[in-house]
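First up is the structure itself, then whatever we jot down about it.
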Amino acid sequence: ATARPFPVMPPVSTPMGAGIVDAAAATLAATQDVGDEEAELLTNRVPMTGQTGGAGDGLLFKIEVPAGMRSLNLRSYGGNGDVSLYVAYDSVPTTAMYDRKSAKPGNSEAVVITNPAAGSYYLRVVGEQAFANVSVMGIYQ
């Protein structure tokens, strides 16, 4: 936890957070390694087929976009179930922290970025329901 309880409880009618921030704990929490989750590398225009997972499962992909591209299209399609896409530039997205997302019913999802900056884009595919045989693809041009 990064907050300590108040030494004296404020009145219940006073809207207030959980406590007093513990700066040392907050700094430590912010600087911890969040893990070495490996991203599967996507190749331009090459689908990654047969992706399968359960409700709540996440699959992580990465695509390297060269300079001067007009668009980046990250998509999922086919199979059955329901997935959502979460995309972030130069960082691993979560369902709470991302740059863009697509969360329609089913597996046909797309995130399109116009004039993308050169660099690494991460795509997290999350099962809203169990999913099977979904294809994932990245296209830049």
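Reported count of residues in the range 79-95, each being surrounded by fewer than 16 Cβ atoms within 10 Å (Cβ to Cβ), farther than 18 Å from Ala39 by Cβ and small (Gly, Ala, Ser), is 0.
Give the residue that is farthest from Val65 (Cα to Cα), with candidates limited to residues of the range 108-121 that are open to solvent by 40 Å² or more (accessible area, probe 1.4 Å) and assigned to a strand (DSSP E or B). Per the stated criteria, the residue is Ala110.
What do you reckon, is Glu40 loosely packed, with under 15 Cβ neighbours inside 10 Å and acidic (Asp, Glu)? So Glu40 passes the test. Among the residues making up the range 122-141, those that are touching a Phe, Trp or Tyr at 6+ places or on another chain (Cβ under 8 Å), open to solvent by less than 20 Å² (accessible area, probe 1.4 Å) and not hydroxyl-bearing (Ser, Thr, Tyr) are Leu123, Val125, Val126, Val134, Val136, Gly138.
Does any residue of the range 59-74 turn out to be farther than 17 Å from Ala39 by Cβ and in a strand (DSSP E or B)? Yes, the conditions are met somewhere in the range 59-74. One residue stands out in the range 96-107 among those that are in a loop (DSSP other than H, G, I, E, B) and open to solvent by less than 90 Å² (accessible area, probe 1.4 Å): the one that is nearest to Glu64 (Cα to Cα), namely Tyr98.
Pairs meeting the criteria (first residue in the range 49-76 and closer than 20 Å to Thr94 by Cβ, second residue of a type in the set (Lys, Arg) and open to solvent by 40 Å² or more (accessible area, probe 1.4 Å), beta carbons under 9 Å, at least 6 apart or on different chains) are Leu74/Arg100.
The values are calculated or read from the model by the stated rules, or taken from the named source; none is laboratory data. Computed from a predicted model, the values in this text were never measured in an experiment. For neighbour counting, all protein chains shown are included, and Cβ atoms are generated from backbone atoms with ideal geometry for every residue, glycine included. Heavy atoms of the whole protein, side chains included, go into the accessibility calculation; ligands, DNA and RNA do not. Shrake-Rupley method; radii C 1.70, N 1.55, O 1.52, S 1.80 Å.
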